[in-house]
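Report on the structure given below.
The values are calculated or read from the model by the stated rules, or taken from the named source; none is laboratory data. Predicted, not measured: the structure shown is a model, and the values here were computed from it. When we count neighbours, we look across all protein chains shown, and the Cβ atoms used for this are built from the backbone with ideal geometry, even at glycine.
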Amino acid sequence: MMLEYRYHLRKWEKGELRFIGGLVYDYFTIYLDGEISPESERREVFEQFERQALPYPYLGIGGKLDLNEKSGLQTSVRGTYIPKFNSFFHEGGDVALQYNSLIWETDYYINWSKFQFEIGASYRSIYLLGDSAEDTNEFSLSSLGPYIKLEYTIF
């Protein structure tokens with residue numbers, strides 16, 4: 001989930017360059033299909049990382065080229081770097097978190113009033129680290145593929 005603000009740095013007759021800032025809320029749950037060791041203190045076969053998720057800020061830059069008054073092409077790149085810090089979460093002790101992300105999107109868009117429909121391609125890279133006395137969870141995820149998005153503009 002993302003909440004985004006766009007500031008127009010420069011406008012042209014058929015396009016614009018914009019600064020992008022916002023918050024992203026990423027989390028996932030992992031389920032394992034297997035047997036739990038009899039020596040294990042816990043009996044869970046899943047890890048719910050949404051309990052340790054925080055909305056993180058991101059910054060970026062983007063541009064768009066209007067093909068007509070209702071549609072066009074746009075691209076953006078945005079990212080986050082949050083160094084390791086001690087959070088207020090507890091899991092067998094204090095939990096230290098680190099988060100890095102890079103998101104690139106290029107798409108064709110169509111505007112209808114305050115709605116914008118987009119179809120395009122996206123690359124997303126995320127690094128998550130959760131470190132506590134109980135365990136260390138470190139994930140590096142990357143994806144590349146098509147997407148469809150519906151945006152609503154509040155202001």
> Out of Gly63, Gly79, which single residue is small (Gly, Ala, Ser) and over 15 Å from the mean Cα position of the chain (by Cα)?
Replying inline: Gly63
>> Restricting to the stretch 63-89, give me the number of residues that are surrounded by fewer than 13 Cβ atoms within 10 Å (Cβ to Cβ), in contact (Cβ under 8 Å) with a residue 24 or more places away in the chain and farther than 27 Å from Thr153 by Cβ.
In response: 1
> Which residue out of Glu151, Glu138, Glu105 is more than 21 Å from Tyr27 (Cβ to Cβ), part of a strand (DSSP E or B) and touching a strand residue (DSSP E or B) at 6+ places or on another chain (Cβ under 9 Å)?
Replying inline: Glu151
> Before we move on, is Pro38 more than 25 Å from Asn111 (Cβ to Cβ) and either part of a strand (DSSP E or B) or modelled with pLDDT of 80 or more (or both)?
Replying inline: no
> If you go through the stretch 90-125, how many residues are closer than 30 Å to Tyr152 by Cα, surrounded by 13 or more Cβ atoms within 10 Å (Cβ to Cβ) and hydrophobic (A, V, I, L, M, F, W, C)?
Replying inline: 6
> Are there any pairs with C-beta distances below 9 angstrom linking a residue in the stretch 124-141 that is of a type in the set (Ser, Thr, Tyr) to a residue that is in a loop (DSSP other than H, G, I, E, B), with the two at least 6 apart or on different chains, and if so which?
Replying inline: Ser132/Glu91; Ser132/Gly92; Ser132/Gly93
> Would you call Thr153 of a type outside the set (Lys, Arg) and within 21 Å of Lys14 (Cα to Cα)?
Replying inline: yes
>> Here are the criteria: (1) out of contact with any Leu (no Cβ under 6 Å at 6 or more places or on another chain); (2) surrounded by 11 or more Cβ atoms within 10 Å (Cβ to Cβ); (3) farther than 20 Å from Gly22 by Cα. Tell me which single one Gly145 does not satisfy.
In response: (2)
>> Looking at the stretch 68-91, can you tell me whether even one residue there is assigned to a strand (DSSP E or B) and of a type in the set (Asp, Glu)?
In response: no
